[in-house]
Amino acid sequence: MADLWSDYTDALLKDIDKSIGEKYDVQIRELLGNLPKYTAKQNIGITISNMKEDANNYIDNALKDMPNETRALDDSMSRVSAITAQLSQNISMQTRQHNVPFIRPLDIIRSTGSDEEIQINTVDDQLMRLVEKMVESSNMVADFSYTFKDYKIGSWLFDRNQKNYILTVFVPQNDALDLENGRQELNDLFDSAANFVRG
């Protein structure tokens, strides 16, 4: 794995560079991995923008070749989003009732070694009872839910003295989702590269 990106994005870069890398004097992997070397290159900002567009087109075409995975992803994400909305409303209500701070932080730096993660894929009365007990015994609840396209994916930290609990809505593995996650990481890398070049 490259230090700057995940293993999956590393594999994606290999595929993309085979397909579009020849259009440029430099491979995407080389450019993103050693950006200071290329800052003086003429029109490097335009090259970065073109590489980003080509990479997104490559991913769009790859997704067109996997209609079943794309459909399955939309179905599972609709379910995940519905569960997230139901839990989010309940957790917010429970924190108000029990006077527990409920925050939406950018990040919390913590030792995750003592965290217990609970992944759920359905909501029932027993889960709602568990949520109430976790809220009652928490110092605070942090909402780390995030958005994928138009879907919301729930993740909450219940901060307790000895052991924290993370409640997350399970997202099934899907090749289309892997591609979309790779796209997001690549776009972030391209945007960072463009900002670096602009100074």
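The values are calculated or read from the model by the stated rules, or taken from the named source; none is laboratory data. What you see is a predicted model, and the numbers here were worked out from it, not measured in a lab. Quick reminder, even Gly has a Cβ in these numbers, built from the backbone with ideal geometry, and neighbours come from all protein chains shown.
Does Ser155 satisfy the criteria of being among the small types (Gly, Ala, Ser), closer than 18 Å to Leu4 by Cα and under 22 Å from the mean Cα position of the chain (by Cα)? Criteria not met by Ser155. Evaluated against (1) modelled with pLDDT of 85 or more; (2) over 13 Å from Ser192 (Cα atoms); (3) hydroxyl-bearing (Ser, Thr, Tyr), Ser49 falls short on exactly one condition, (2).
None of Lys64, Lys52, Lys41, Lys37 is within 20 Å of the chain's Cα centre (by Cα) and farther than 27 Å from Leu167 by Cβ except Lys52.
Condition check ((1) closer than 15 Å to Ile83 by Cα; (2) out of contact with any Asp or Glu (no Cβ under 6 Å at 6 or more places or on another chain); (3) of a type in the set (Lys, Arg); (4) modelled with pLDDT of 95 or more) across all residues:
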{"residue": "Thr112", "(1), (2), (3), (4)": "no, yes, no, no"}
{"residue": "Glu117", "(1), (2), (3), (4)": "no, yes, no, no"}
{"residue": "Ile120", "(1), (2), (3), (4)": "yes, yes, no, yes"}
{"residue": "Phe158", "(1), (2), (3), (4)": "no, yes, no, yes"}
{"residue": "Thr168", "(1), (2), (3), (4)": "yes, yes, no, yes"}
{"residue": "Asp188", "(1), (2), (3), (4)": "no, yes, no, no"}
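Out of everything in region 40-58 that is outside any loop (DSSP other than H, G, I, E, B) and without any contact (Cβ under 8 Å) to a residue 60 or more places away in the chain, what residue ends up being farthest from Asp178 (Cα to Cα)? Once the filter is applied, the top-ranked residue is Ile46.
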